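Engineer: Sharing a structure with you now.
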Amino acid sequence: MRDIFFLVLFVALIPYCLVHVEWGVATWYFVSLFQPQSQSFSVSKSIPFGAISGIIVLIGWLRQPNRKLSNSKLVIILLLLGGWTTLTTIFAVSPSNSYKDWNEFISLIVMVLAATVVMNSRRRLEILVWTIAISIGYYGFKVGIFALRGGGGGSFRGPTYMNGNNELARGAIMLLPLLFFLFRNWKQIWIRSCVGAVAGGTLLTLVLSGSRGAWLGFAAMMAVAALRVRRGLLWVSLALALGAAVVPILPAQIIARFDTIRDYENDPSVQGRFAAWEYALDKFPQRPFM
């Protein structure tokens, strides 16, 4: 049933997205982040929703009155990153094994650059923020509730790009500021209630994931929020108070995960990262620029 629903909805959206390109961008973000094929069990699993949506967006980009990229610093940095990644792929230790990752990465950069041209108004940006919030928020809320009912961090699973506790926790960190934006800018009680519920579930996902890197990342994000967001110190204080109240009821395995930060010498995960750094430093004299 879900296969039929997603397929009919997607086909119906194609002509609309060709006319209203901002919805084409939103559709590409939705199928890339939510990945409806991962929630299906039949024909939809084999349909390249992302590629079809990407073609629609590129057609819409070419139809824009102003198709030029902006000269903003972020766009320039993104172009430089794409160019540098291309060079390092050409001169990689094994270019053939690197090509698949390069192709996926460059495709993402092209789509993001197209979005910077198309999503050129507040209304269009709000459409994009809502799309991202719904796409990732579904998994953040779902997994957070699952974890609250007793699921472990090792069982955290999302779509392909968030198929693990570290990846899902990283998505939660990226999602929370967008939910905060939506909560502050929409005054309707029912919208705020839904956004607040998703934020609560996503925060549970972050905490109960057992991802120590995500905890540190969240702490860094809160520090930035305290400095840059209006009444940031108040919001951070509330978050800290909520965190302090939750700690006593956390599962024992999560508390144990906190403690492993102090014993990094015997932690395989940390030692694996150290080994990767040592390998990179060993290769650096042989390939200093690439």
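Engineer: Which residue is nearest to Ala133 (Cα to Cα), if the candidates are limited to the range 185-239 and must be among the basic types (Lys, Arg) and assigned to a loop (DSSP other than H, G, I, E, B)?
Structural biologist: Lys187
Engineer: Where residues in the range 186-214 are in contact (Cβ under 8 Å) with a residue 40 or more places away in the chain and over 16 Å from Ile145 (Cα atoms), which of them is surrounded by the most Cβ atoms within 10 Å (Cβ to Cβ)?
Structural biologist: Only one residue tops the list, namely Ser211.
Engineer: How many residues does the range 124-148 hold that are among the basic types (Lys, Arg) and free of Cβ contacts under 8 Å to residues at least 60 places away in the same chain?
Structural biologist: 1
Engineer: Within the range 219-233, does at least one residue satisfy the condition of being at pLDDT below 75 and closer than 20 Å to Val207 by Cα? Walk me through it before giving the result.
Structural biologist: The initial filter retains those residues of the range 219-233 that are at pLDDT below 75, namely 229-233.
Okay, now just the ones that are also closer than 20 Å to Val207 by Cα, so none.
Looking for residues that are at pLDDT below 75 and closer than 20 Å to Val207 by Cα, one finds none in the range 219-233, hence no.
Engineer: I'd like to check something: does the range 32-48 contain any residue that is modelled with pLDDT of 85 or more and part of a helix (DSSP H, G or I)?
Structural biologist: Yes - at least one qualifying residue is present in the range 32-48.
Engineer: Do we have Ala172 as under 13 Å from Ser209 (Cβ atoms), out of contact with any Cys (no Cβ under 9 Å at 6 or more places or on another chain) and at pLDDT 80 or above here?
Structural biologist: yes
Engineer: Let me confirm something: among Leu175, Leu168, which residue is open to solvent by less than 60 Å² (accessible area, probe 1.4 Å), touching a Lys or Arg at 6+ places or on another chain (Cβ under 9 Å) and over 18 Å from Leu242 (Cα atoms)?
Structural biologist: Among Leu175, Leu168, only Leu168 is open to solvent by less than 60 Å² (accessible area, probe 1.4 Å), touching a Lys or Arg at 6+ places or on another chain (Cβ under 9 Å) and over 18 Å from Leu242 (Cα atoms).
Engineer: Let me ask something else about it. Checking Glu265 against (1) at pLDDT below 85; (2) of a type outside the set (Ser, Thr, Tyr); (3) part of a loop (DSSP other than H, G, I, E, B): exactly one of these is not met. Which one?
Structural biologist: (3)
Engineer: Continuing with the same structure: From the list Ile109, Ile90, Ile134, Ile77, exactly one residue is out of contact with any helix residue (DSSP H, G or I) (no Cβ under 6 Å at 6 or more places or on another chain) and closer than 24 Å to Gly164 by Cβ. Which is it?
Structural biologist: Going through Ile109, Ile90, Ile134, Ile77 in turn, the sole match is Ile134.
The values are calculated or read from the model by the stated rules, or taken from the named source; none is laboratory data. These numbers were taken from a predicted model, which means no experiment stands behind them. All Cβ positions, glycine included, derive from the backbone under ideal geometry; neighbour counts span all protein chains shown. Ligands, DNA and RNA are excluded from the accessible area calculation, which covers all protein heavy atoms including side chains. Shrake-Rupley method; radii C 1.70, N 1.55, O 1.52, S 1.80 Å.
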